[in-house]
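All remarks here apply to the structure that follows.
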Amino acid sequence: MARQTFTAGQVLTAAQVTTLQASVWSDDVNAQTGTSYTLVLTDAGKQVTMSNASASTLTVPPNASVAFDVGVRIQIIQLGAGAVTLTAGSGVTLTSLSTSYAMAQYQVATLIKTATNTWVANLGASGGGGGLNTTTDGAIMIMDVGV
């Protein structure tokens, strides 16, 4: 939902309030227990927990499949023992300062959509850092920037 300006005394309909509520950061949780998951539109502003003892993959889909609004944030929380790897769907660019898109147990990542098929992944502390990753069509390129 695009940012709106409200006026004093304005009355919102139930549908408008529901849309507004869905567009802001939420404490709603989408718990995933499988070994692969692709984000869906209802994940916008939510927390997606990944909980599996085996390695798993979370895919950021292209805009043609799932049209998230630019500016949407999705928090990923890795609860299981198996590493979760963030991957880009076809045509999606995923960037991060972290040296890896693999999340360790209890690590948190925030995905922010910055353009039609471009996302920034802010991977919380896990001992990584120092590089710049660019993922397009599922491939990962790591550049050491010497930090």
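The values are calculated or read from the model by the stated rules, or taken from the named source; none is laboratory data. Here the structure is a predicted model, which is why all the values come from computation and not from measurement. Cβ placement follows ideal geometry from the backbone for every residue including glycine, while neighbour counts extend to all protein chains displayed.
At-a-glance table
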quantity	calculated
Members of region 61-83 found to be among the β-branched types (V, I, T) and either in contact with a Ser or Thr (Cβ under 7 Å, 6 or more places away or on another chain) or free of Cβ contacts under 8 Å to residues at least 40 places away in the same chain (or both), listed by number	V66, V70, I74, I76, I77
Flag for S126 being over 15 Å from A31 (Cα atoms), hydroxyl-bearing (S, T, Y) and either at pLDDT 95 or above or within 13 Å of the chain's Cα centre (by Cα) (or both)	no
